[in-house]
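Remarks on the structure that follows.
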Amino acid sequence: SVTECVFPQVGVTAQKTMRLLPASGRKATQKVVVGDQDGVVTCFGIKKGEVVLVFKTLPGQKIARLELGGALNTPQEKIFVAARLELGGALNTPQEKIFVATGSEVRGFTKRGKQFLSFETNLTEKIKAMHISGADLFLCASYIYNHYCDCKDQHYYLSGDKINDVLCLPVDKVNCITPVLACQDRVLRVLQGSDLLYEVEVPGPPTVLALNNGNGGDSGEEVLYGTSDGKLGLTQITGSKPISKWEIGNEKRRGGILCVDSFDILGDGVKELLVGRDDGMLEIYSFESADDPVLRFDHALSESIASVQGGCVGKDGYDEVLASTYSGWLTGLTTEPVHREGGSGEELKLSQEMQSKISSLRNELEHLQMKVLQEREKYQESSQSSTDVSSVPAFSVHDKFTLNKDDASYSLTLEVQTAIDNVLVQSDVPIDLLDVDKNSAIVSFSSCDAEPNSNFLLATYRCQANTTRLELKVRSIEGQYGTLQAYVTPRIQPKTCQVHQYQIKPLSLHQRTHTIDHDRPMNTLTLKGQFSFAEIHSWVVFCLPEVPERAPAGDSITFYFQNTFLGTQLESTYRKGEGCFKSDNISTISILKDVLCKEATERKINLNISYDINEESVRHTLKLIHPKLEYQQLLAKKVHLIDALRELQVHEGNVDFLLPKYRSILEEADQLLEEYKRQPAHLERLYGMITDLFIDKFKFKGTNVKTKVPLLLEILDGCDQDGLIAFFEAA
């Protein structure tokens with residue numbers, strides 16, 4: 001059994017900024033060290049149930065990462081301490097030196113809080129990820145990787161996409177330095193010096209890396225990864241190729257994975273896997289067999305989990321899982337039982353301890369309430385003064401706007417360090433707001449004029465008290481692009497608001513993929529003109545999601561995409577002066593043609609455009625759409641029958657006289673209504689896609705067939721695939 005206990009709150013924390021220092025003795029409790037975005041490093045322990053502060057640094061730049069390193073303790077190394085900056089140290093020694101990445105600088109502190117290192121790197125960007133192994137320091141900015149040894153530059157690598165995390169295989173096991181980069185384009189890049197050794201394809205954008213069992217397993221080559229779409233996997237990084245060990249999907253549609261640790265919380269001699277997600281879900285996986293891990297326990301917190309660690313913090317002999325959340329709360333799940341075994345004397349003692357603790361907390365709460373009232377009165381007085389100026393309070397918002405492959409929708413997650421009062425959502429393009437089960441906010445829609453103001457959506461989410469995280473879901477229409485804006489207002493005085501903007505791209509439902517099926521019938525769009533590689537890359541960035549903002553290294557690049565709604569695909573290859581786009585969906589080619597022409601015209605660049613339309617691709621696309629169309633039409637018919645069937649059931653008393661298919665509808669009524677509610681306008685979207693396909697097919701032939709659209713809609717209502725294909729071919 002586990003019990004939740006809450007530790008002190010620090011400032012807003014980033015991913016992987018909390019660690020447990022090694023215990024000084026066999027049964028001693030461990031100290032907690034955490035860095036926040038105020039630039040403060042806090043180290044504390046727990047003694048007799050009370051928090052004991054070890055040290056706390058002064059504020060500074062935001063802390064992006066916090067890692068532990070080992071001490072320099074061998075005689076040969078001690079000789080050179082005076083002649084160099086002391087960084088890590090010999091392997092297999094206690095990892096108790098604290099290193100923080102802040103801006104472009106790395107600082108080192110002893111476990112007592114004394115700063116012994118201030119290393120200003122040569123990085124022009126802020127450090128995003130860090131790993132330390134002995135005297136080797138591995139740092140990553142957005143696209144740049146640097147390896148330092150004893151604070152001297154060793155190796156450099158420019159990644160093709162954003163780097164989210166970095167680690168190095170344990171040198172004592174693999175006998176060479178093997179860095180691994182987790183990159184946004186769904187690959188792990190394995191390096192050798194400054195060169196790419198090979199790439200490991202993973203099922204989603206990897207956000208976090210960790211060594212299996214904390215040491216890379218028996219071989220030292222096993223690397224755990226978590227993805228932004230909630231998948232978890234283990235791969236073995238050998239010297240020549242990767243070997244995939246296992247992979248866990250995200251069937252429960254939980255949040256993305258931010259942190260991973262290995263710790264034996266069950267006390268069975270085998271380390272469990274601790275996983276923290278951005279929707280506040282804390283999971284513990286055990287290895288009951290030698291194969292895939294099994295979920296043994298989960299616990300929901302109200303905020304995203306930035307860091308997770310296993311150890312002994314609160315009391316000797318009782319292990320716990322410690323998690324730090326976005327707004328700086330530290331929460332522990334301890335194995336210490338709430339009710340002890342023993343006689344009435346011990347129960348009385350426990351009761352007195354609890355009463356004392358509750359009394360102390362009440363006194364502290366009253367003191368804080370008084371302090372808040374005093375500060376509020378001071379502010380009111382100063383705001384009414386003619387000389388003082390009211391300042392706008394600053395607050396931090398962590399947001400994420402990602403495409404979900406499962407239901408072809410976008411998730412917008414907004415997390416604030418304080419309680420949210422309301423969020424106003426506005427869009428200048430048509431989008432659908434979808435239901436989110438975890439969302440307890442009350443939504444209200446305002447009427448808006450689409451024509452003069454380009455306002456297609458205006459909705460307000462009013463949050464319940466103490467809500468710090470809000471998740472919304474929207475579905476866009478390909479070909480219609482613009483901006484979605486979220487106005488976030490927290491419960492603070494004076495009232496203030498932050499505006500966050502998110503681009504809805506022309507091909508917004510496309511997602512990057514590693515490979516495509518080259519045997520499909522493809523339509524080709526070719527562009528030629530006096531444009532640079534950087535210019536055509538910027539056009540592709542404007543059109544498609546998940547494309548790195550920087551132009552990749554080299555003379556040309558190829559990207560593969562898949563439409564998450566229909567399953568059609570796109571191949572994009574371009575270089576200076578030429579671009580070639582292939583898709584099995586004519587509408588995708590049509591959208592690209594229109595948008596790329598517009599972008600080139602705005603830059604006064606003449607384009608030579610040619611296209612090759614494959615007639616078979618239309619039949620192929622219709623066959624992909626039809627099963628979805630048939631399913632949605634059947635769902636809509638069933639839902640429309642539910643009220644009438646329920647009325648019959650009330651009047652007749654039983655439904656034995658009904659046909660089995662109607663009885664089945666009554667039995668599944670709640671599930672059908674729930675599914676229909678989750679997918680508003682799904683059928684209309686499919687009708688729109690088929691209509692666009694029909695218009696685009698003939699647009700490339702120079703024929704306007706908009707007058708035949710009503711006849712097409714009649715055929716769609718009949719849901720006859722052969723009749724639909726015949727209409728397309730005969731029109």
Once all protein chains are kept in place, Ile665 shows an accessible area at probe 1.4 Å, nearest 10 Å², of 10 Å²
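Per residue and in cubic angstrom, what volume does the convex hull of the Cα atoms of the chain have? Before the final figure, lay out each step's value.
Numbers: hull volume 178.4 nm³, N = 731.
Cα convex hull per residue, to the nearest whole number: 244 Å³.
Is there a quick way to get the dipole size of the stretch 415-506? I mean about its Cα centre, with the Cβ of Lys and Arg at +1 and of Asp and Glu at -1; what is the value in debye to the nearest 20?
Numbers: 8 positive and 10 negative charges, 73 e Å.
The dipole of the stretch 415-506 has a size of about 340 debye.
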For the stretch 616-730, size of Cβ-based charge dipole, Lys and Arg +1, Asp and Glu -1, in debye
600 debye
The stretch 412-457-the stretch 180-252 distance, computed between alpha-carbon centres (Å):
36 Å
I need the phi-derived Karplus couplings for the stretch 53-66: 6.51 cos²θ - 1.76 cosθ + 1.60, θ = phi - 60°, integer Hz, Gly and Pro marked x.
6, 8, 7, 8, 7, 6, x, x, 5, 4, 8, 8, 8, 9
In the structure displayed, which of Lys31/Lys62; Lys582/Lys623; Lys56/Lys97; Lys62/Lys400; Lys97/Lys241; Lys505/Lys708 lie more than 26 Å apart, Cα to Cα?
Lys97/Lys241; Lys505/Lys708
Between Rg and the Kirkwood Rh of the stretch 421-566, both from Cα atoms, what is the Rg to Rh ratio?
1.06
Sorted largest first, the Cα spans of the stretch 447-505 on the principal axes come out in Å as 39, 23, 18
Report the Stokes-Einstein translational diffusion coefficient (µm² s⁻¹, integer) for the stretch 130-177, Rh taken as the Kirkwood radius over Cα pairs, at 37 °C with viscosity 0.692 mPa s.
293 µm²/s
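In debye, nearest 20, what is the charge dipole magnitude of the chain about its Cα centre with +1 on Lys and Arg Cβ and -1 on Asp and Glu Cβ, if you could check? Before the final figure, lay out each step's value.
Numbers: 78 positive and 99 negative charges, 370 e Å.
Result for the chain is approximately 1780 debye, rounded to the nearest 20.
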Expected sort for 182-192, 364-374 on mean C-beta neighbours within 10 Å, highest first, is 182-192, 364-374
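Suppose we look only past 16 Å in the calculated P(r) of the stretch 510-613. What percent of the Cα-Cα pairs does that tail hold?
Values: 2891 of 5356 pairs.
Percentage above 16 Å: 54.
Please report the carbon-and-sulfur percent of the accessible area for the stretch 132-274; probe 1.4 Å, protein heavy atoms only, DNA, RNA and ligands left out.
On the way: 2290 of 5100 Å².
C and S atoms contribute 45 percent here.
Based on the Cα atoms of the stretch 129-263, what semi-axes does the equivalent ellipsoid have, where each is the square root of 5 times one gyration tensor eigenvalue, given in whole Å with the largest first? The partial results should precede the final answer.
Working: eigenvalues 104, 55, 35 Å².
Equivalent-ellipsoid dimensions as semi-axes: 23, 17, 13 Å.
Suppose accessible area is computed on protein heavy atoms with a 1.4 Å probe; arrange His299, His147 from highest to lowest.
On the way: His299 45, His147 5 Å².
Final ranking, largest accessible area leading: His299, His147.
Using heavy-atom solvent-accessible surface (probe 1.4 Å) with all chains present, what is the largest-first order of His500, His651? Walk me through the numbers before you get to the answer.
Values: His500 30, His651 140 Å².
The residues order as His651, His500, largest area first.
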Just want to confirm a number: the relative contact order over the chain, from Cα pairs under 8 angstrom separated by 6+ residues, in percent.
7 percent
Projecting the Cα atoms of Leu209, Asn439, Gly653 onto the charge dipole of the chain, where Lys and Arg contribute +1 and Asp and Glu -1 at Cβ, the residue farthest towards the positive end is Leu209
With a 1.4 Å probe and every protein chain kept in, tell me what percent of the accessible surface of the stretch 397-484 is carbon plus sulfur.
43 percent
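How would Tyr687, Tyr574, Tyr487, Tyr676 line up by accessible area, probe 1.4 Å, largest first? Present the calculation step by step, with values, prior to reporting the outcome.
On the way: Tyr687 40, Tyr574 0, Tyr487 70, Tyr676 90 Å².
Final ranking, largest accessible area leading: Tyr676, Tyr487, Tyr687, Tyr574.
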Going toward the positive end of the dipole of the chain, with +1 on Lys and Arg Cβ and -1 on Asp and Glu Cβ, which of Val12, Gln503, Tyr225 do you reach last?
Val12
Directionally averaged projected area (convex hull, Cα atoms, the stretch 397-484), nm²
6.1 nm²
So how much accessible area does Lys128 have, in Å² to the nearest 10, using a 1.4 Å probe?
100 Å²
Contact order normalised by length for the stretch 616-730, with contacts defined as Cα pairs under 8 Å and 6 or more residues apart; what percent is it?
34 percent
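What does the highest-first list of 305-314, 44-53, 59-68 look like by mean Cβ count within 10 Å?
Most protected by this proxy first, the peptides run 305-314, 59-68, 44-53.
With a cut-off of at most 12 other beta carbons within 10 Å, and DSSP calling the residue loop, which trypsin sites (Lys or Arg not before Pro) in the stretch 588-689 qualify? Please list them. Write out the running numbers ahead of the final one.
On the way: sites: Lys593, Lys598, Arg603, Lys604, Arg619, Lys623, Lys628, Lys637, Lys638, Arg646, Lys661, Arg663, Lys677, Arg678, Arg685; in loops: Arg603, Lys604.
Taking the stretch 588-689 and a limit of 12 other Cβ atoms within 10 Å, the loop trypsin sites (Lys or Arg not before Pro) found are Arg603, Lys604.
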Taking amide H positions as placed 1.01 Å from N in the peptide plane, with prolines and chain starts having none, which residues 5 or more places from Leu301, or on another chain, fall under 5 Å of its amide H?
Met281, Leu282
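Just need the relative contact order of the stretch 88-194 here, percent rounded to a whole number, with Cα pairs under 8 Å and 6+ apart. Intermediate values should be presented prior to the final figure.
Values: 231 pairs, mean separation 18.1, N = 107.
Relative contact order, the stretch 88-194: 17 percent.
Averaged per residue, what accessible surface does the chain expose to a 1.4 Å probe, in Å²?
Numbers: 35350 Å² over 731 residues.
So the chain comes to 48 Å² accessible per residue, rounded to a whole number.
Within the stretch 488-609, what whole-number % of the accessible surface is contributed by carbon and sulfur, with the 1.4 Å probe and all protein chains included in the calculation? Don't skip to the answer; put the middle values down first.
Numbers: 2260 of 5120 Å².
Answer for the stretch 488-609: carbon and sulfur cover 44 percent of the accessible area.
The values are calculated or read from the model by the stated rules, or taken from the named source; none is laboratory data. What you see is a predicted model; the values in this text were computed from it and never measured. No Cβ is skipped: glycine too gets one built from the backbone with ideal geometry, and neighbour counts run over all protein chains shown. When the accessible area is computed, the model is the full protein with side chains, heavy atoms only, and any ligands, DNA or RNA have been set aside. Shrake-Rupley method; radii C 1.70, N 1.55, O 1.52, S 1.80 Å.
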